[in-house]
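To start, the structure itself, in structure tokens.
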Amino acid sequence: MKRRQLGFTMIELIVVIVILGILAAVALPKFLDLSGDAKSAALKGITATVTGAMTVNYGGCSATSNSTSGANADKCKTVRYCDDIVAVLVQPIDATEYTISHTDLTTTNGSTGNCTVTQISSGNTLQFSGISAGNP
């Protein structure tokens, strides 16, 4: 008479555990080393924030005829260099983590130039187009 099998043998269970261990050993390092991707995404986020701040500042200055005093003082800030935009940001950029190039955008309102954000910890850089505003 043939006996009916009621479960897995010990050998089958050990083989499954070994296969799962090998898969975990191969896949785990891929998931643990995401810091490079996170730093790259943070740099892109800071660059987009600075670009947006320059655009909004230029719009505020255009709407107030580039007046940086009186009732318009909070709507228009003078931006002649790429790194002048730090004064416009509500939340300042961490100077120990990021730097913005001190590139001259000229005193002509609306003139553009290439600016660079550098992530100090990784040495990575991204360029963005800066726009001057608030110049008399």
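The values are calculated or read from the model by the stated rules, or taken from the named source; none is laboratory data. Because the structure is predicted, anything quoted here is derived from the model rather than measured. We place every Cβ from the backbone using ideal geometry, glycine too, and count neighbours over all the protein chains shown.
Key figures for this structure:
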read-out	value
Unique match (being touching an Asp or Glu at 6+ places or on another chain (Cβ under 9 Å), small (Gly, Ala, Ser) and surrounded by fewer than 16 Cβ atoms within 10 Å (Cβ to Cβ)) among Ser69, Ser121, Ser65	Ser121
Neighbours by Cβ (under 7 Å, 6+ apart or cross-chain): first from the stretch 83-96, in a loop (DSSP other than H, G, I, E, B); second of a type in the set (Gly, Ala, Ser) and surrounded by 15 or more Cβ atoms within 10 Å (Cβ to Cβ)	Val88/Ala53; Leu89/Ala53
Selected residue [within 15 Å of the chain's Cα centre (by Cα), among the charged types (D, E, K, R) and modelled with pLDDT under 90] from Asp94, Asp74, Asp33	Asp94
Residue satisfying condition, being closer than 22 Å to Thr118 by Cβ and among the aromatic types (Phe, Trp, Tyr), within set Tyr58, Tyr81	Tyr81
Failed item, numbered, when Leu126 is tested on (1) farther than 19 Å from Cys76 by Cβ; (2) touching a helix residue (DSSP H, G or I) at 6+ places or on another chain (Cβ under 6 Å); (3) assigned to a loop (DSSP other than H, G, I, E, B)	(3)
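Condition check ((1) hydrophobic (A, V, I, L, M, F, W, C); (2) assigned to a helix (DSSP H, G or I)) across all residues:
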position: Gly7; (1), (2): no, no
position: Leu13; (1), (2): yes, yes
position: Ala41; (1), (2): yes, yes
position: Thr49; (1), (2): no, yes
position: Val56; (1), (2): yes, yes
position: Cys61; (1), (2): yes, yes
position: Asn66; (1), (2): no, no
